[in-house]
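Remarks on the structure that follows.
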Amino acid sequence: MEDDAPVIYGLEFQARALTAQTAETDAVRFLVGTQSLKFDNQIHIIDFDDENNIINKNVLLHQAGEIWHIGASPADKAVLTTCYNKSESHCFLLSVAPFAASLCSSFFSSDSRVVSCAAVWRMPSDWETGSHESPDESAHNPQTLELLCHLDDSTHGNAACVLWEPMGDGKRVISLADNHALLWDLQESSTQATVSSTATLEGKGQLKFTSGKWSPHHNCSQLATANDTAIRGWDLRTMSQIYCIENAHGQLVRDLDFNPNRQYYLASCGDDCKVKFWDVRSVQEPVKTLEEHSHWVWSVRYNHSHDQLVLTASSDSRLILSNMVSISSEPFGHLVDDEELSEGEELHQEDKGKEPLKDSVVSTYEEHEDSVYAAEWSSADPWLFASLSYDGRLVINRVPRALKYRILL
Amino acid sequence: MGAHWLCCGGLFWPPFIMDEGSVPVAEDPGRRRRVHGMLKLYYGLNEEGKAPEQPESLDPCDINGPHFDPELYLNKLRRECSLTELMDQETCMVRQIRSLDSDMQTLVYENYNKFISATDTIRKMKNDFKKMEDEMDCLSANMAAITEFSARISGTLQDQHAQITKLSGVHTLLRKLQFLFELPARLNKCLELQAYAQAVNTHRRARCVLQQYSHLPSFKGIQDDCHAIMDKLAQELRQKFRDGGSSAKDLSECVELLLQLDEPAEELCDKFLSHARSRLESDLQGLEAEIRPYPSTSATKDASVHGLSSTTAPGSPADGSPKNSSLPSPASNTDILEFIDRGCNEFVSSLCLVITSYQELFINHAQKGELASKNIPQMANGKLHVFVDDLAARYFMLVERRIQEEKGVGDNSLLVRALDRFHRRLQAVAKLLPGSAVPNKGTEIVIRAATERVKQYLSALQSFYMDSLTDVRQALATPRLSVAGTSVAGPASGRDAPTSLPELLSSLSASILNQIKSVLASVHLFTAKDITFSNKPYFKGEFCSQGVRESLVVSFIKFVCQSSRQFCETAGDKGGSTPPALLLLLSRLCLDYETSTISYILTLTDEQFLVQHHSPVTPVTTLCAEAREAAQKLLNHYVKVQGLIISQMLRKSVETRDWVNTIEPRNVRAVMKRVVEDTTSIDVQVGLLYEEGVRKAHSSDSSKRTFSVYSSSRQQARYAASYTPSAPMDTNLLSNIHKLFSERIDIFSSVEFNKVSVMTGIIKISLKTFLECVRLRTFGRYGLQQIQVDCHYLQMYLWRFVSDENLVHFLLDEIVGSAAHRCLDPAPMEQSVIEVICERG
């Protein structure tokens, strides 16, 4: 019953962006976007062979700039979005944005401007085969992503992240740019994007969305966003705010995630080192608060099928897997309130009502040596997850077997 | 004396002679030893004294030993010694023999003398006895003569004696008859004079005789007359009894007489009691009237609130007036002592009177007379108990109502004295009426009142504590303004001196301690020796341990910890509501509690109340642990709040600036100066309350030296690595290797109770924020250089605050490193230039 050792993969560059390849349900595959100001940025496609405990990687070039956020289409394996920073050269500045140049004195030869953009990309169709034939070559001579379309609207400012419609057909995305949420329709096999509706966050000061999440419930008509210390819910049909959790965290809210099985439950994390669980119907108090990390929590993720398993990543270089039974959809093991569960799963749950589990930290993973900015569950194997730290280290871990069997049996 | 001497002499004489004679003869050694022993015993030489120097030698050549064999000895001497030695030996022996002989002669002579004197004594005694015998004979002869005379006299007087007896019998009979004939007249006269007692007494004496001889017509007449008179008398008595106007003494006399007249006892009991009840009830009504004037609850409430507030005020430092100015409890117009006094004097004493007279009449009295047979005492006793219980219950109800109105905690002695009096007076009832439940109920009331009091004290203490905290808060708020005002003008620390943190702390803890002490003193009154109920087992045991120690002292300490911890929680994540200085102060307070105050208070309590721990009590260690936990929590929170304030500054400064297009650094940014300033003031603040703490050793010029190492070798290496486009791996490798050797840093971790640890915590939080913010930005060349300058500045000033300066180095290093990574054109500034800029300020 010894748990398998974690698998570690090192990237050459620093990295923050990590996602599971959502449309892929057979292979365990993660996408990592690197951050480098000096070299061409890359997207690493990490394949994990669970049986042999081996990692296969493929590298695609992302020449547009350093990647801050990455999202994989839920419908098409080959399609993904990135948010990236582009540093514009001096001359470009002069022509496009002369006002910026006027701020700088002329003797600054390196004068430039950094803008955040978002775009939809397609992976070249033969990246997989190429890598199998000559893995060495692929590292040296990587293929380049094919740009499908920009998700840019110069009036809306810097893009923070792009969200795909959960379980959708890959035709709708939302991008969060400064204080705007833009709902895009992708047409012509994603080569054209048009803004179908927008919502704007209004208030005093410079408001900025830091992150957001598209709810998989209510027919995918809801969005939750975070700005500063507040969490807001939006109705996408009317693009109006439906709820607001002011001061959800003492400091900046860093990330959100929806419970995949309980439609009103939302997890959030932030700079106050806390992870909070909310019932959006009553937002005065969090349902539950975790305080396990010793620095800012950058990412929180529910397991896609067993929502008691919650993964949090923090800049204290730790990854923590918690078992939040009491607020999961299966608090006593047999109370299944979600029709989406298959019958087979229901059977499992009926059996384990005997020994109710308590909310607890399952384990703390300390393989990282720098801040961990992202953690993701695999879309193919519910017991597998990856985490990415700033120094470019990707660690793939499994849920401890003892817990896995306890949940299943 | 003489006989004793004889006896001893008889025993010892022969062996003594024999001893001399038989020494040369080989005698059986056991006997010889015994004889020796006896001799020694006689002459007071005990065996033990000699034993160590002369252990029972078996050597036949030992001339003093019991096994001495002359032949052997002689042979030995002859064999071993030279002639001169033999000669010497011989003269020596002769000398010894001679001295022994003379000793013996002296002894014999002494014994002989004593023997002679004994013989003389015996002879003298014999003569005396003979004389005595003669006198005895003479005495017995005289006695015989006296006996004879006496017999003769009694014989002659016999006849006359019988006659005299008969005559005197006739005389008495005649007197009795006369008494009977005069009886009706006498009774009438008594009736007229209202001398009922005499009448009843007289009649009682005659009644049996009249009954006996009622078949004789003349006696019958007398008896009828008497009956008529007595009926009339009984009527009158009953009338008097019913009127009830008379005093208790009259009444009891009345009852006594009626009893003697064969009235049914039960009826009398009932009548007596109902009569007593009416009087006692009027007492009770009087008492109730004293409570009644303020029956409406609102008035009572108002009054009690007033009472509370006026008692808490005196304790606060502002108002030092002694609190015995207190409260003749405004709830009623008489204070409780007066009330109880009145209750005791009126109700309890008349109750006692009733009990005594009732017992006198119906129980003790009846037991003597013929009434005892009719079970009257039991019946009467039962009635009395019911009666007393009933009235006492009502009395208690009133007392309890009155006690409940006693809400002010100011002067406890009044209440205690009142309770004491109440309890003491009930003891009288207990003595009069053994087996009654009344005293127990009274004790219960006292106990309830005491527990209630303890509760009130607890809440008073709690509100006092909260008030003190509010005061501290205000004190913290006001000087802060003055500091802000003066710090601009210059370092004028003198102005806020009166309310500096340590003084606030000491005044706070002293005032709390004083309050606790005064409360303990007040509560202590309950167990004072001169208070009757302090002997009750409750007050000896449970009251001390459960009441005072647990529900007062321990609860209060727990409350302090609890409320302190609440500051960490209610303050919320914003941390705005509680001033950080208060957190620091409370943390120190809790820590002081942990180290000394708690054990001091508990020892004080235990000593004052001689707590015997029958039931398990909260041990000191638990409380200490709780206090420590609270202190830790507060301090952690303090670190968090202060760290957050500085973090916020740093974050704003990084986030709001356009780092790509910034000018070449000429100065350290103002924010950094502000950070250092704030850190210094925090350092001062913490230093006021916490000890320095240990830091890793460093030399005095630490900032310079380590900084040069930091920037020249390590950092340059990193920059160099990031320059070379051919080896992108190196960057990570280097930083990873570096990290491998540095320990993982927990940013928001628990801190220790000393200044250095607190400062380290705050600086850690701030710098880590700085780092994370830097990583989210992109820098131009001058942006990086500005960060370099800022970090160097921080390095110059922050190292002195932390326990391990390497920590600061590491974090700043990391910041500069990250900035370099995030830089579009990483051209670091010359170290010397940085230094110049920083030194310029």
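Just so it is clear, none of the values below were taken in a lab; they were calculated from the coordinates. Quantities reported herein were computed from a predicted structural model and do not represent experimental measurements. Ideal geometry is used to build each Cβ from the backbone, glycine not excepted, and the neighbour counts take in all protein chains shown.
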*Within 10 Å of each residue's Cβ, count the other Cβ atoms and sort B:Phe219, A:Phe258, B:Phe422, B:Phe179 from fewest upward.*
B:Phe179, B:Phe219, A:Phe258, B:Phe422
*Calculated from backbone phi, Karplus (6.51, -1.76, 1.60) coupling profile of region A:13-28 in Hz, x at Gly/Pro*: 10, 6, 8, 10, 9, 9, 8, 7, 7, 4, 6, 8, 10, 9, 9, 7
*Convert each backbone phi in region A:304-321 into a coupling constant with the Karplus relation 6.51 cos²θ - 1.76 cosθ + 1.60 (shift: θ = phi - 60°), then list the ³J(HN,Hα) values in order as whole Hz, x for Gly and Pro.*
5, 10, 10, 6, 6, 8, 10, 10, 10, 10, 9, 7, 7, 6, 10, 10, 10, 9
*Could you grab the relative contact order for region A:211-409? Cα pairs under 8 Å, six or more apart, rounded to a whole percent.*
13 percent
*Most exposed first by the Cβ proxy, i.e. fewest other Cβ within 10 Å, how do A:Lys404, B:Lys431 rank?*
B:Lys431, A:Lys404
_Run through region A:215-297 and list the GluC sites (Glu not before Pro) located in a DSSP loop whose Cβ has at most 14 other Cβ atoms within 10 Å._
A:Glu246, A:Glu291
*Quote the convex hull volume per residue of region B:77-217, based on C-alpha atoms, as a whole number of Å³.*
463 Å³
*Can you tell me how much longer the chain between B:Val671 and B:Val833 gets when fully stretched, taken as 0.36 nm per residue apart minus their C-alpha distance, in nm with one decimal?*
56.3 nm
*Taking 0.36 nm per residue of separation and subtracting the Cα-Cα distance, what length does fully extending B:Ser350 through B:Tyr213 add?*
44.6 nm
*Can you tell me the FRET efficiency between B:Glu80 and B:Leu58 if r is taken as the Cβ-Cβ distance and R0 is 22 Å, rounded to the nearest 0.05?*
0.70
*With labels modelled as points extended 7 Å from the Cα through the Cβ direction, what inter-label distance (nm, one decimal) is found for B:Tyr600 paired with A:Asp359?*
4.1 nm
*Can you run phi through the Karplus equation (6.51, -1.76, 1.60; θ = phi - 60°) for region A:206-215 and list ³J(HN,Hα) in whole Hz, with x for Gly and Pro?*
8, 8, 8, 6, 9, 6, x, 8, 8, 6
*Length gain on complete extension for the stretch B:Ala521 to B:Asn440, per 0.36 nm per residue less the alpha carbon to alpha carbon distance?*
26.5 nm
*Hey, rough spin-label estimate for B:Lys529 and B:Gln96, points 7 angstrom out along Cα→Cβ, what's it come to in nanometres?*
7.4 nm
*asked:* With 10 angstrom as the radius, rank B:His215, A:His295, B:His161, A:His180 by how many other C-beta atoms surround their C-beta, starting from the fewest.
replied: B:His215, B:His161, A:His180, A:His295
*What nm value, rounded to one decimal, do you get for the distance between B:Leu107 and B:Ala144 when each label is placed 7 Å out toward the C-beta?*
5.9 nm
*For an R0 of 25 angstrom, estimate the FRET efficiency from the Cβ-Cβ distance between B:Val684 and B:Gln474 and round to the nearest 0.05.*
0.70
*Please find the FRET efficiency linking B:Gln235 to B:Glu360, where r is the Cβ-Cβ separation and R0 is fixed at 22 Å, and quote it to the nearest 0.05.*
0.35
*asked:* Looking only at region A:211-409, where both bridge partners belong to it, what percent of the DSSP beta bridges are antiparallel (to the nearest 5)?
replied: 100 percent
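Evaluate the relative contact order of region B:177-263 (contact order divided by residue number), counting alpha-carbon pairs under 8 angstrom at least 6 apart; express in whole percent.
Rounded, it is 29 percent for region B:177-263.
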*Rounded if a/c is under 1.5, else prolate if a/b beats b/c, else oblate: with a ≥ b ≥ c from the C-alpha gyration tensor eigenvalues square-rooted, which is region A:211-409?*
oblate
